[in-house]
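To start, the structure under review is shown below, and the notes come after it.
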Amino acid sequence: MNSPPETDSSPYLRAASAGIRHHTRAYTGKNTDTPPAPADRVHLDALHAHLTTLHQLLDHLTDATRPPHPAAGHHLATAHTRLWQAATEIHSAFHLLPSNTTADSAAASACPPERLPEGPPVLTICQRHLTAGHIIRRKTTPTDLRAHTTACVR
């Protein structure tokens with residue numbers, strides 16, 4: 001199996017990481033007297049997009065690594081599952097935040113299975129999450145997905 005030359009992908013990954021670091025510094029700011037603003041839907045939508053894209057990349061890396069290096073492939077598969085769990089939590093938080101529209105209600109921002117949400121970004125994040133969900137459910141068991149849930153079990 002041929003791996004892509006380093007010049008094909010590594011600069012893009014480094015640029016994406018640098019962009020996230022830059023955004024983190026800009027978001028938190030240098031003024032420690034005022035706390036950073038709480039997360040909003042725009043930030044969570046962008047973060048969810050990054051996580052699901054990274055999830056797809058990790059899926060392909062896991063598939064390519066597992067046959068020749070089973071132990072490393074197992075660790076990548078575990079990271080793949082944890083990344084899905086992070087994306088699920090971001091998706092849930094997105095729906096708990098108020099939207100910036102005047103017609104905001106819990107029903108309008110929910111992700112009901114019987115109908116698609118109305119318009120972007122709600123429609124976009126839900127479609128992206130469902131697509132990523134198909135990948136993870138194809139390769140993991142429900143027990144794997146429940147292993148590190150953040151929900152209270154009391």
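Bear in mind that the values in this text are calculations on the coordinates, not laboratory data. If you're wondering where the values come from, they're calculated on a predicted model, not measured in any experiment.
Set the Cα radius of gyration of the stretch 33-92 against 2.2 N^0.38 Å, with N its number of residues, and you get 1.44. Short-range pairs are left out: with C-alpha atoms under 8 Å and at least six residues apart, the relative contact order of the stretch 14-93 is 29 percent. Along the stretch 62-78 the Karplus relation, 6.51 cos²θ - 1.76 cosθ + 1.60 evaluated at θ = phi - 60°, assigns HN-Hα couplings of 5, 4, 7, 8, 4, x, x, 9, x, 5, 5, x, 5, 5, 5, 5, 5 Hz to successive residues, with x for each Gly and Pro.
Computed from backbone phi, the HN-Hα couplings of the stretch 133-146 come to x, 5, 5, 5, 6, 6, 10, 9, 9, x, 5, 4, 6, 7 Hz, rounded to whole numbers (Karplus: 6.51 cos²θ - 1.76 cosθ + 1.60, θ = phi - 60°; Gly and Pro given as x).
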